[in-house]
Amino acid sequence: MAKKGERKSISQSASKFGESETSIFPGKTLAAYKTFVLFAFCVLVLMSPYYRGLYFDYELSVFQAIMAGIFILFAIYLYLSKEGFLVNSKLELILLLFMVAYIVPYFFAANRRLALGEFFKYAFYFAVFYVASRISKGKAEKFAILNTLFLSTVGVAFLGYQAAVKLIPETARPLGMAMNGLWVGNMINSTLQYHNTAGTVLAFGFIISLMLAIYSENKLLKSLYFAFSSFIFTAFFYTYSRGSYITLLLALLVFFLLLPREKRILLIFNIAIVGAFVIAFLNKVGANLNEHGKVKLWLVLLFQMLLVFVLTYVFGFVERRLYGISNNIYIAGAAVVGILAIIGFAIALKTHLIPSDMVEKMKSIAMFWKERNFVERMVFYKDGLKIFLKSPVFGYGGGAWVSLYFMYQSYLYFTTQSHNYFLQVLLDTGIVGFCILLIFLWFLFSTSLKAWAKKEQKENIIIAGLVAAAVQLYFHSALDFDFSLASVQVLLFAGLGVLVSTSLQILQKHKQEKVIYTGKTTNFVPALLAIFYLFVIVISLNFRLGNYYANIGQQALQMGNLTAAYSFLSKAVTYDPLSSNALSDYAVALYRIGDQNKDANLIAKADGYFKQAIVNDRFNAKIRFKYAVYLLSHGAIDSGLSQIEEGIKLQPLQPANYELKADAYAKVGDYYLGKGDKEKARKYYEVVLKIPEEINRVKKEKERMPEVIKQDPNSHKFGITEKILQIVNEVKKKI
């Protein structure tokens, strides 16, 4: 029987860093196994932005399955090494609660498939966070992950440049990565396919590169990091992301304030060097961001990086002499550098070192409240709050915005995202999930700051950098839908894992590890997680296959190839039975084949699939209209018209819906008129005649279009269309 002194407390056994544990396996075998797991984890994090930012299920489901496998492998390592596969960190438990908040609304969700999908996303993020925080106990593991984050963002910049000079064809698919949309409208979107998200990811990478440079003691390595920071920073400017321009300044301020005093001097001088050369070369880079710059662009970028490397390397020799200066000289020096930076920026503007279109973007920030983008976002937020008030406690589950915004919009606009992560959480999980998120963020940053307050010089550089990088992503997520691209949160949670691990090291050193650990554990939670992630692998791969077959089946259906559509869509609904689009498309294929072959069973079977699609996605107007076509074409006239009315309630500001209504009621009227039943025909014709009045009433009650939107000739103004007037006039003649 083990002696009491040999028994370790839960917090000790889970939090001692770099100590060997007793194991039934040889140390070298376990070390090699851990290295493999770390390598697999780093590759997954590295590659995540390159597959369209993992925005689409087709790529996301594969990464979810792989991460679930990595989680299980790491759990086995923890068990075999006797470290213990435990879930006793307060942050881990809060994150698990946040996952629960996403699954609770499933049974009354607006869209069950999207609700389950979002739940699996947070299971994905939890696995990333858990592995990153527990595997990064040693310095080597920690910097393997940090350098992975750095290299991943270098790759984002690199692929953006390559696309701009047409060195990557849009049809290319290296390793299955889609290469279309990387350079659009003279802006770097890179593999994230959206310039604002590319901007915030590159800002994140810029901070990580500065942190690694400041941490490094090796002068050559330090200067290399600074050189690559200029590479990232230049690409950042060419995303033209105004929101990221602002949030990066705020994040850099946080970084500066959290750095140890002497490292602040290093940051100021080196940012001045990097910034000066980036701005000096912006026009040169911009002039070569085209198909004629295949060679020149890289020569300019390499020359810029070389100059940054040389100057920061030279500065490294005088760096330490600045550490001993008095506070007064330190403050005065910082002020002088700041003033010179402002003067230099003004000169750069005056001498046209910065491209004119970029200058205009920057100037527009000063009048942001007049910008269409800002006005639109304010409308999105207001409409989002209308949705929230309909289900304030638990929300509508994942995908609430895209499922419901047509119903509550102030004017007709099309956006699948609310453009605000915190609003999205509020709609998806209600006040319960929103509060859990706030608790997680408060505990995360308060714990990090408690560790930072212990003034451990080297570790505080990592804390400062990772807190600033997290601030960058969270701040910008309040302005846009970055976190809807799963890869952004993969980068975030990998960084947060290292942040927590570093904070724990410091708190443990000061005997305060209880700040992070609960001191209690339950054996069933780790066991359930291991089983759960096995299911994640199976379900994610099923969803992937379902998505694949649904896409092919839909194409076949559009081309009129009913046999192929039936074959592929039957597989789609087998692998992904919650997909409302697959279910409704399969129903269409069934009844069309049934109509051709006079098969009543297939026609009846289609009805069941339509109903299931509506149950799974109850606010989807398009499915209602598909169902209406089916019902009307098979004699269920009143039921079909009822589905059209329901569809209009779900999308009241869509003119095309009223065209469908007018056409349907007019044709029903024609049907009864043809049968000689004039009274019944008149009943349906009168509904058509009242549609213009209905549209005017809905417009008066619901449409609230801001002036800046009204002035845009491309805005979607709600009103009576020519097609509706044509149908109305034809009906008038018949009456």
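Please go through region 311-341 and pick out each residue that is under 40 Å from the mean Cα position of the chain (by Cα) and either loosely packed, with under 10 Cβ neighbours inside 10 Å or of a type outside the set (A, V, I, L, M, F, W, C) (or both).
Matches in region 311-341: T312, Y313, G316, E319, G338.
Please count how many residues of region 632-648 are β-branched (V, I, T) and either in contact (Cβ under 8 Å) with a residue 24 or more places away in the chain or outside any helix (DSSP H, G or I) (or both). Working first, answer last.
Within region 632-648, the first condition is being β-branched (V, I, T), and the residues that meet it are 637, 644, 648.
Subset that is either in contact (Cβ under 8 Å) with a residue 24 or more places away in the chain or outside any helix (DSSP H, G or I) (or both): 637, 648.
Final tally of qualifying residues: 2.
Which ones in region 206-227 are under 25 Å from the mean Cα position of the chain (by Cα) and either of a type in the set (V, I, T) or farther than 15 Å from K263 by Cα (or both)?
F206, I207, I208, listed by residue number.
Among the residues of region 616-639, write down those that are more than 22 Å from A582 (Cβ to Cβ) and either within 31 Å of the chain's Cα centre (by Cα) or not hydrophobic (A, V, I, L, M, F, W, C) (or both). Quick ask: steps written out before the conclusion?
Quick first cut of region 616-639, residues more than 22 Å from A582 (Cβ to Cβ) only: 632, 635-639.
The answer is G635, D638, S639.
Only residues that are under 19 Å from P355 (Cα atoms), charged (D, E, K, R) and either in contact (Cβ under 8 Å) with a residue 24 or more places away in the chain or surrounded by 20 or more Cβ atoms within 10 Å (Cβ to Cβ) (or both): list them for region 247-302, please.
The one that is under 19 Å from P355 (Cα atoms), charged (D, E, K, R) and either in contact (Cβ under 8 Å) with a residue 24 or more places away in the chain or surrounded by 20 or more Cβ atoms within 10 Å (Cβ to Cβ) (or both): E291.
Which condition breaks for A272 when tested against (1) outside any helix (DSSP H, G or I); (2) at pLDDT below 95?
(1)
For region 7-66, how many residues are of a type in the set (F, W, Y), farther than 29 Å from H510 by Cβ and modelled with pLDDT under 90?
Total meeting the criteria: 1.
List pairs: first in region 18-46 and closer than 28 Å to L149 by Cβ, second among the polar types (S, T, N, Q) and modelled with pLDDT of 90 or more, Cβ under 6 Å, 6+ apart or cross-chain?
Hits for this filter: C42/T148; V45/T148; L46/T148; L46/S152.
Could you list, in sequence order, the residues of region 574-599 that are among the aliphatic types (A, V, I, L, M), within 28 Å of the chain's Cα centre (by Cα) and surrounded by 24 or more Cβ atoms within 10 Å (Cβ to Cβ)? Talk me through it step by step, then tell me what you get.
Our first condition is that a residue be among the aliphatic types (A, V, I, L, M); within region 574-599, this holds for 578, 582-583, 587-590, 593.
This time we only want the ones that are within 28 Å of the chain's Cα centre (by Cα), so: 578, 582-583.
A582, L583, listed by residue number.
Condition check ((1) in contact with a helix residue (DSSP H, G or I) (Cβ under 6 Å, 6 or more places away or on another chain); (2) within 30 Å of P652 (Cβ to Cβ); (3) modelled with pLDDT of 95 or more; (4) among the hydrophobic types (A, V, I, L, M, F, W, C)) across all residues:
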{"residue": "W401", "(1), (2), (3), (4)": "yes, yes, yes, yes"}
{"residue": "Q409", "(1), (2), (3), (4)": "yes, yes, yes, no"}
{"residue": "V425", "(1), (2), (3), (4)": "yes, yes, yes, yes"}
{"residue": "K454", "(1), (2), (3), (4)": "yes, no, no, no"}
{"residue": "Q457", "(1), (2), (3), (4)": "no, no, no, no"}
{"residue": "S487", "(1), (2), (3), (4)": "yes, no, yes, no"}
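Go through the residues of region 153-172 one by one and say whether even a single one is small (G, A, S), part of a loop (DSSP other than H, G, I, E, B) and closer than 17 Å to S503 by Cβ.
Residues of region 153-172 that are small (G, A, S), as a first pass: 155, 157, 160, 163-164, 172.
From what's left, part of a loop (DSSP other than H, G, I, E, B): 172.
Add one more test, that the residue is closer than 17 Å to S503 by Cβ, and what stays is none.
There is no residue in region 153-172 that is small (G, A, S), part of a loop (DSSP other than H, G, I, E, B) and closer than 17 Å to S503 by Cβ.
Can you find, within region 514-538, the residue that is surrounded by the most Cβ atoms within 10 Å (Cβ to Cβ) among those that are small (G, A, S) and at pLDDT 80 or above? Please lay out each step first, then the result.
Filtering region 514-538 down to residues small (G, A, S) leaves 519, 527, 530.
Okay, now just the ones that are also at pLDDT 80 or above, so 527, 530.
Working: A527: 12, A530: 15.
Across region 514-538, the extreme among qualifying residues is A530.
Collect the residues in region 349-397 that are within 21 Å of the chain's Cα centre (by Cα) and small (G, A, S), keeping them in residue-number order.
If the condition is that a residue be within 21 Å of the chain's Cα centre (by Cα) and small (G, A, S), then G384, G395, G397 are the ones that fit.
Can we say A335 is over 18 Å from L210 (Cα atoms), free of Cβ contacts under 8 Å to residues at least 40 places away in the same chain and of a type in the set (A, V, I, L, M)? Lay out the reasoning, then the answer.
On the way: over 18 Å from L210 (Cα atoms): yes; free of Cβ contacts under 8 Å to residues at least 40 places away in the same chain: yes; of a type in the set (A, V, I, L, M): yes.
For A335, the condition - over 18 Å from L210 (Cα atoms), free of Cβ contacts under 8 Å to residues at least 40 places away in the same chain and of a type in the set (A, V, I, L, M) - is met.
Looking at A636, A628, can you tell me which residue is surrounded by 22 or more Cβ atoms within 10 Å (Cβ to Cβ) and either touching a helix residue (DSSP H, G or I) at 6+ places or on another chain (Cβ under 9 Å) or on the phi < 0 side of the Ramachandran plot (or both)?
Numbers: A636 fails: surrounded by 22 or more Cβ atoms within 10 Å (Cβ to Cβ).
Exactly one of A636, A628 is surrounded by 22 or more Cβ atoms within 10 Å (Cβ to Cβ) and either touching a helix residue (DSSP H, G or I) at 6+ places or on another chain (Cβ under 9 Å) or on the phi < 0 side of the Ramachandran plot (or both), namely A628.
The values are calculated or read from the model by the stated rules, or taken from the named source; none is laboratory data. This is a predicted model, so every value here is computed, not measured. Here Cβ is always computed from backbone atoms with ideal geometry, including for glycine, and neighbour counts include all displayed protein chains.
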